[in-house]
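The values are calculated or read from the model by the stated rules, or taken from the named source; none is laboratory data. Everything numeric in this text was worked out from a predicted model, so none of it was measured. Quick reminder, even Gly has a Cβ in these numbers, built from the backbone with ideal geometry, and neighbours come from all protein chains shown. Ligands, DNA and RNA are excluded from the accessible area calculation, which covers all protein heavy atoms including side chains. Shrake-Rupley method; radii C 1.70, N 1.55, O 1.52, S 1.80 Å.
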Amino acid sequence: MSIVTLLPFIVLIGAMFLMTRSAKKKQQAAAQMRNEMQAGTGVRTIGGMYATVKEIHEDTVLLEVAPGVHAIYAKNAIGAVLADEEYNRILDGADPIHGDGPIVPDDASSLTGTAAAEATEKGDKGDKIDLGKAETPADGAAADKPAAEAGDTKAAGDAKDTVKADADTAKDDKKSGDDEAK
């Protein structure tokens, strides 16, 4: 056999070796992180819960998930040991990354320009269309409709009749097509 034939197998075995090696390094780093954990440090579980370590046992950890609320977790359930400043930032809800930057508004008023903002401030609704549903009159008020509205209702009824007639015609055509096929 030539080297060209064996080359794909060699590449495949090399790739598998490199993948398993990097996975082992990650597992060792995670185990070392869990072993260096101390009481009082902040952690994040693999489920995304933040807690403070109270006690460390051989295979388990006692975590304080809220003031006075303790839970026992497996050491393998600890996803990350956090630095004190990062843990406090997460608990306090402070975000130092966006502390002094501009705040994005909840609406799009800043994106539409000054003319739209001025029109909104003045209460001008010139080009705006009301997309809300119109209130439907009660059944008894239908007789009080003007002639134009009554004509619209009649046109809508005629349209429904036309659609029904088209559906019946299509149904008959289908039946006759089935009879011809036999």
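Residue-level check: of (1) at pLDDT below 90; (2) at negative phi, Gly93 misses just (2). Annotation note: of Val69, Val65, the sole residue that is within 27 Å of Glu85 (Cβ to Cβ), touching a strand residue (DSSP E or B) at 6+ places or on another chain (Cβ under 6 Å), without any contact (Cβ under 8 Å) to a residue 60 or more places away in the chain and not charged (D, E, K, R) is Val65.
Scanning the stretch 4-37 for residues that are touching a residue at least 12 places away in the same chain (Cβ under 8 Å) and open to solvent by less than 100 Å² (accessible area, probe 1.4 Å) yields Met33, Arg34, Met37.
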